[in-house]
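What follows is a short report on a single structure.
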C-alpha cells in the first residue's frame, strides 16, 4: 500500500494539545535549571554543511546510515542536524566567545533510523555544552544538571552509567586491542556485528544480540588501558559525584555512539518510560573537536 502524502511522514508526528503543552513545559523546566547553573541559550541552525557532522566519525551509524543530507540549489552539501553538539562546537569555532563558554539548547534533530515506540525520525533534544576547561569539575557539573532535571521531571528509577574512554592515545590503543580480540572471535559474532567490526570495533560493544553478548562480556576492558592522566581524571569525577550523592555504575562497555568522545562518557537510563529503548540521555567529553573545526585546541 502506497504511503499517503497527506499524512505525517513515517517517523514523525503532529504534537497537538495537551502534548504540545507538555513539550513547552518540558523545555521551560530545562531552561530554568540550565540557566540557574550559569548556562545561556543558543539556537543553532537546523541544517549545516555536511562536513560539520562528518566530524562525528565516518564509522558511526549516524554518519553512514542516518543523516538526512542533500545538495541545495547552490550546489552545497547540506545535512539536517542529527545532533547538536557538533553544531554548537562549530558555532564556538566561528565566533570564538570568551571562555569558559556554557550554553544550553532545545530543539528538533533528524535521523533516518528505524521508527520504534518512543523513537522518531524527528525528535526534540535538550542539553548543555561547556567549553574552556579540562577540569573534572565540569564533567560533574554537566552530569549534575541532567540529574537535577530528571528529578524535577519526577522520573523514577533513573540510572547513571559512567565510563572513561581515556585520552585519544588511550582510545587508539584500546581499539587495536579490541579489534585483535574480536577478530579472533569473529566467527562467534552475529553477521551485523561482523560488519560493524570492519568499520568501527567500538560499536560492537553496543550490540544486545544474544550471540554477541557472551563475546562482549569477555572482551578487554577500556579501563585496563587508561593512562595515569585518564585514571586521575576519572577518579576525580567519581569522587565529585559521590560528594553530591549522585549514584552511578561504572560501565566499561559504555563508549557512546560518536567518535569524538574522550575521557568521561555517561548515559542515563530508566525503565519508567514506555519506549523501545531505556536510554534517556547521555554525553561525554570531546576535547579535540573544536580544533578539528579550525578553533584553537579547546577542551569541552
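Throughout, read-outs are computed from the coordinates displayed, never taken from laboratory work. Being a predicted model, the structure only gives us computed values, none of them experimental. Here Cβ is always computed from backbone atoms with ideal geometry, including for glycine, and neighbour counts include all displayed protein chains.
For a modelled paramagnetic label at residue 21, 7 Å from Cα along Cα-to-Cβ, the residues of region 128-164 in reach, with backbone nitrogen under 20 Å, are 153-154. Between 205, 226, 29, the Gaussian network model of the chain with springs among Cα atoms under 10 angstrom shows the greatest mean-square fluctuation at 29. A Förster radius of 35 Å, combined with the Cβ-Cβ distance separating residue 115 from residue 137, puts the computed FRET efficiency at roughly 0.35. Between 287, 228, 124, the Gaussian network model of the chain with springs among Cα atoms under 10 angstrom shows the greatest mean-square fluctuation at 228.
How big is the gap, in Å, between the Cα center of region 139-173 and the Cα center of region 185-239? Distance between centres, Cα-based: 18 Å.
What ranking of 89, 158 emerges when the number of other C-beta atoms within 10 Å of each C-beta is taken as an exposure proxy, fewest first?
Details: 89 25, 158 18.
Ordered by Cβ neighbours within 10 Å, fewest first: 158, 89.
Here the spin labels are modelled as points 7 Å beyond Cα on the Cα-Cβ line, and at residue 6 and residue 270 they lie 3.9 nm apart.
With the helix formula -39500 (n - 2.57) applied to DSSP H stretches of n ≥ 4, the chain reaches a computed 222 nm mean residue ellipticity of -11000 deg cm²/dmol. Residue order for 72, 134, 212, fewest other beta carbons within 10 angstrom first, comes to 72, 134, 212. Projected label points at residue 153 and residue 249, each 7 Å from Cα along the beta carbon direction, are separated by 1.9 nanometres.
In terms of its C-alpha gyration tensor, region 137-249 has an oblate overall shape, because the principal axis ratio a/c (a ≥ b ≥ c, square roots of the eigenvalues) is not below 1.5 and a/b does not outweigh b/c. Between 90, 81, 64, the residue with the greatest mean-square fluctuation in the GNM of the chain (Cα pairs under 10 Å linked by springs) is 64.
Shown here: Rg/Rh (Cα atoms, Kirkwood Rh), derived from the displayed model; of the candidates [x] 0.95; [y] 1.14; [z] 0.99, it corresponds to [x]. Calculated FRET efficiency, residue 279 to residue 73, Cβ-Cβ distance, R0 = 41 Å: about 0.65 to the nearest 0.05. Cβ-Cβ distance of residue 144 and residue 235, R₀ of 22 Å, FRET efficiency by 1/(1 + (r/R0)^6): the value works out to about 0.80. As a proxy for reagent exposure, ranking 289, 223 by other Cβ atoms within 10 Å from fewest up yields 223, 289. Overall shape of region 172-217 was characterised from the C-alpha gyration tensor. The equivalent ellipsoid obtained from it has semi-axes of 15, 10, 10 Å, in decreasing order.
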